[in-house]
Amino acid sequence: MIKKAFALLLVVIIAIFLSVTFAKIPFGYPKTVVGKYYLDHGVKDLGGVNIVTSIVVLYRGFDTLGEVTVLFLAATGLGMVLAGLREKDEKKRKKTPPSLIMRTETKLLFPMTILFGAYIFIHGHLTPGGGFPGGVVIASAFLLMFLSHKKWEAKEKYTKITEALAGMTYVVIGLIGLYVAGSFLENFLPKGVPGNLFSAGIIPLIYTAIGFKVGSELTGLLQNLRETTE
Amino acid sequence: MSSLILVVSAILVIFMIVGAVVTIHARDLLVAIIASAIVDLVLAVLFYILQAPDVAITQASIMGGLTTAIFLVVIKKTERYEQ
Amino acid sequence: MIYGQVIFYGASVALFAIGLYAILVKRNLIKILLGLSLIEGAVNLFLINIGYIWGKTAPILSNKELLAHPSAKAVDPVPQALVLTAIVIGVAVTALALSIIMRIYETHGTLNVDKIKELRW
Amino acid sequence: MSWIIAIAIIVLGVVLTLIRAMLGPTAADRMVAVDSMTTITTALLVLLALYFKRYIYLDIALVYAVLAFVATLAVARYMEGGL
């Protein structure tokens with residue numbers, strides 16, 4: 001009880017400090033200069049209409065490469081931690097089979113959801129979205145199949161190959177930029193008319209690679225988790 | 001942002017805080033997971049109101065299923081009630 | 001216009017405080033992880049709050065007048081680009097932590113932090 | 001005025017589902033409440049896209065509509081013992 005009171009006191013003190021600090025930060029006024037620069041020069045420099053996408057893929061492309069690596073490390077670490085758990089769990093539980101409505105419905109919805117994920121990452125430079133949400137939508141489509149079909153599985157071989165190919169595509173595009181334009185992840189394709197689907201140079205290519213990579217990584221993660229419950 | 005949107009976002013913030021309190025307070029971990037889904041949902045709407053549609057789409061796609069499914073696998077594997 | 005500051009900063013402070021309380025008081029490992037994900041949401045909300053500017057719209061320049069004067073019409077895109085990747089990374093890291101929790105349950109048979117001897121100090 | 005009426009009706013719907021999600025005696029009640037709350041929130045997102053006059057925001061409502069039921073499906077499978 002006394003422990004709880006002290007914890008509550010600490011939380012209240014920290015909340016008051018945070019409030020006093022935040023009261024000094026004005027809400028709703030421009031704060032950074034670099035954001036203004038990106039907004040004014042983004043379309044002229046790179047040709048992409050969605051400035052957030054331009055920042056994620058090209059202005060801060062190296063940063064995104066590092067973050068994709070962190071995602072890969074987390075998925076691989078999960079596979080490693082769960083590896084021993086699978087073998088000991090030999091006894092089979094009795095599981096309720098999925099109903100007919102669910103099986104039929106998910107079989108129809110699966111290709112549509114994959115198509116929707118592809119739409120999100122291909123149009124990343126025109127509409128909200130991009131490689132990260134597109135990959136998550138594709139992984140959700142696989143989750144739908146995992147929930148409703150007992151025997152259906154995503155083979156680890158294929159997810160690993162897709163993920164490795166997508167990661168290599170990302171690095172190879174960066175190296176071509178180094179060779180042609182002079183620096184890593186530099187744009188080397190024509191910029192096109194802003195607003196068209198085929199515009200913005202290498203942004204759609206890199207976002208497609210990120211979409212495949214995130215989707216296959218999260219699918220492998222879900223497959224690993226699923227094997228532990230069998 | 002007009003005052004109508006401010007009122008709507010104030011109501012949504014109250015919902016989010018109620019959901020967070022239920023997440024912390026519930027003894028049944030299944031209820032806690034469902035309440036944290038409410039928090040994620042309202043957070044996505046707040047990102048949308050703050051004119052960040054890229055972030056809102058990411059939060060919405062994460063919220064729709066992935067986190068809930070991962071937590072459910074773990075409470076299936078371990079135990080559902082908190083002692 | 002003080003109301004916006006109270007509502008949005010207040011939301012992130014309240015979410016942070018609730019998550020911190022869960023981490024300090026609760027003894028169940030899954031509850032502690034839920035508190036951690038609440039704190040993650042609070043930080044993301046705070047970063048987006050910093051980038052917002054009154055009366056401006058999203059940095060997606062999809063029509064002519066936005067293309068003509070981008071910085072007068074659109075909010076700050078830099079915090080949005082930071083938060084976008086952080087959300088997906090957060091889910092993967094949460095999954096890794098949950099797999100470690102499953103291994104702890106396998107060896108100790110409990111999720112209560114007080115009963116796990118190796119974690120006591 | 002019409003904006004206020006439309007948004008007030010939707011927010012009232014969210015309040016009612018939130019009350020059921022907080023009080024609901026069983027976890028199934030809460031999950032049904034959260035599911036209908038997601039549906040109503042999709043309508044709120046469409047209305048706000050019209051209010052902000054940015055029609056590309058409709059993609060987020062589409063993501064909600066396509067993916068929000070996956071969490072419901074996962075919880076249902078957990079409850080019938082099939083996960």
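The values are calculated or read from the model by the stated rules, or taken from the named source; none is laboratory data. Note that the coordinates shown come from a computational prediction; the quantities given were computed from them, not determined experimentally. Cβ atoms come from the backbone with ideal geometry, glycine included; neighbour counts cover every protein chain shown. The accessibility values were calculated without ligands, DNA or RNA, using every heavy atom of the protein model including side chains. Shrake-Rupley method; radii C 1.70, N 1.55, O 1.52, S 1.80 Å.
Looking only at helices (runs of 4 or more DSSP H) that lie completely in chain B, which have at least 2 residues being under 22 Å from C:S12 (Cβ atoms), open to solvent by 10 Å² or more (accessible area, probe 1.4 Å) and at pLDDT 90 or above? Show your work before the answer.
Numbers: elements: B:3-25, B:29-49, B:53-63, B:66-77.
Output list reads B:3-25.
Being hydrophobic (A, V, I, L, M, F, W, C), closer than 23 Å to A:L175 by Cα and open to solvent by 70 Å² or more (accessible area, probe 1.4 Å), is that true of even one residue in segment A:44-67?
Looking for residues that are hydrophobic (A, V, I, L, M, F, W, C), closer than 23 Å to A:L175 by Cα and open to solvent by 70 Å² or more (accessible area, probe 1.4 Å), one finds at least one in segment A:44-67, hence yes.
Show me the helices (runs of 4 or more DSSP H) found entirely inside segment A:1-95 where at least 2 residues are closer than 23 Å to C:I89 by Cα. Break it down stepwise before answering.
Details: elements: A:2-23, A:34-46, A:51-54, A:61-88.
The qualifying helices (runs of 4 or more DSSP H) are A:51-54, A:61-88.
Suppose we filter A:G130, A:G192 for residues that are in contact with a Ser or Thr (Cβ under 7 Å, 6 or more places away or on another chain), on the phi > 0 side of the Ramachandran plot and open to solvent by 20 Å² or more (accessible area, probe 1.4 Å); which single one remains?
Exactly one of A:G130, A:G192 is in contact with a Ser or Thr (Cβ under 7 Å, 6 or more places away or on another chain), on the phi > 0 side of the Ramachandran plot and open to solvent by 20 Å² or more (accessible area, probe 1.4 Å), namely A:G192.
What tally of residues in segment A:124-160 results from selecting those that are in contact with a strand residue (DSSP E or B) (Cβ under 9 Å, 6 or more places away or on another chain) and either more than 8 Å from chain B (Cβ to nearest Cβ) or part of a helix (DSSP H, G or I) (or both)? Break it down stepwise before answering.
So in segment A:124-160, the residues in contact with a strand residue (DSSP E or B) (Cβ under 9 Å, 6 or more places away or on another chain) come out as A:124-130.
Within this subset, residues satisfying the condition of being either more than 8 Å from chain B (Cβ to nearest Cβ) or part of a helix (DSSP H, G or I) (or both) are A:124-127.
Selection size over segment A:124-160: 4.
Being surrounded by fewer than 19 Cβ atoms within 10 Å (Cβ to Cβ), more than 15 Å from the chain's Cα centre (by Cα), free of Cβ contacts under 8 Å to residues at least 60 places away in the same chain and within 30 Å of B:Q83 (Cβ to Cβ) narrows it down to one of C:L24, C:L67, so name that one. First the steps, then the outcome.
Values: C:L67 fails: within 30 Å of B:Q83 (Cβ to Cβ).
Going through C:L24, C:L67 in turn, just one is surrounded by fewer than 19 Cβ atoms within 10 Å (Cβ to Cβ), more than 15 Å from the chain's Cα centre (by Cα), free of Cβ contacts under 8 Å to residues at least 60 places away in the same chain and within 30 Å of B:Q83 (Cβ to Cβ): C:L24.
Quick one: which residue in D:V11, D:V70, D:V46 is touching a Leu at 6+ places or on another chain (Cβ under 8 Å) and more than 10 Å from chain B (Cβ to nearest Cβ)?
On the way: D:V11 fails: more than 10 Å from chain B (Cβ to nearest Cβ); D:V70 fails: more than 10 Å from chain B (Cβ to nearest Cβ).
Step by step, each of D:V11, D:V70, D:V46 is checked, and only D:V46 is touching a Leu at 6+ places or on another chain (Cβ under 8 Å) and more than 10 Å from chain B (Cβ to nearest Cβ).
Among the numbered criteria (1) touching a residue at least 24 places away in the same chain (Cβ under 8 Å); (2) surrounded by fewer than 13 Cβ atoms within 10 Å (Cβ to Cβ), which one does A:L9 miss?
(1)
Name the single residue, out of those in segment D:53-83 being basic (K, R) and open to solvent by less than 20 Å² (accessible area, probe 1.4 Å), that is nearest to A:I120 (Cα to Cα). Give the derivation first.
Initial filter on segment D:53-83 (basic (K, R)): D:53-54, D:77.
When the remaining residues are screened for being open to solvent by less than 20 Å² (accessible area, probe 1.4 Å), the result is D:54, D:77.
On the way: D:R54: 17, D:R77: 28 Å.
Ranking the candidates gives D:R54 first.
Could you tell me which numbered condition D:I7 fails, if it satisfies all but one of (1) closer than 28 Å to B:D28 by Cβ; (2) in contact (Cβ under 8 Å) with a residue 40 or more places away in the chain?
Failing condition for D:I7: (1).
Can you tell which of A:N224, A:N187 is among the polar types (S, T, N, Q), within 12 Å of chain B (Cβ to nearest Cβ) and crowded, with 16+ Cβ neighbours inside 10 Å?
Details: A:N187 fails: within 12 Å of chain B (Cβ to nearest Cβ).
One residue alone meets the criteria, A:N224.
Restricting segment C:70-93 to residues that are under 24 Å from B:A37 (Cβ atoms) and more than 7 Å from every other protein chain (Cβ to nearest Cβ), which is least open to solvent (accessible area, probe 1.4 Å)?
Here the residue is C:G90.
Do we find a residue being touching a helix residue (DSSP H, G or I) at 6+ places or on another chain (Cβ under 8 Å) and assigned to a helix (DSSP H, G or I) anywhere in segment A:173-180? Steps first, answer last, please.
Filtering segment A:173-180 down to residues touching a helix residue (DSSP H, G or I) at 6+ places or on another chain (Cβ under 8 Å) leaves A:173-174.
Now narrow it down to the ones that are assigned to a helix (DSSP H, G or I): A:173-174.
Within segment A:173-180 (the criterion being touching a helix residue (DSSP H, G or I) at 6+ places or on another chain (Cβ under 8 Å) and assigned to a helix (DSSP H, G or I)), the answer is yes, since at least one residue qualifies.
Could you check how many residues of segment C:27-55 are open to solvent by 30 Å² or more (accessible area, probe 1.4 Å), facing chain A (nearest Cβ under 9 Å) and in contact with a helix residue (DSSP H, G or I) (Cβ under 6 Å, 6 or more places away or on another chain)?
Qualifying residue count, segment C:27-55: 2.
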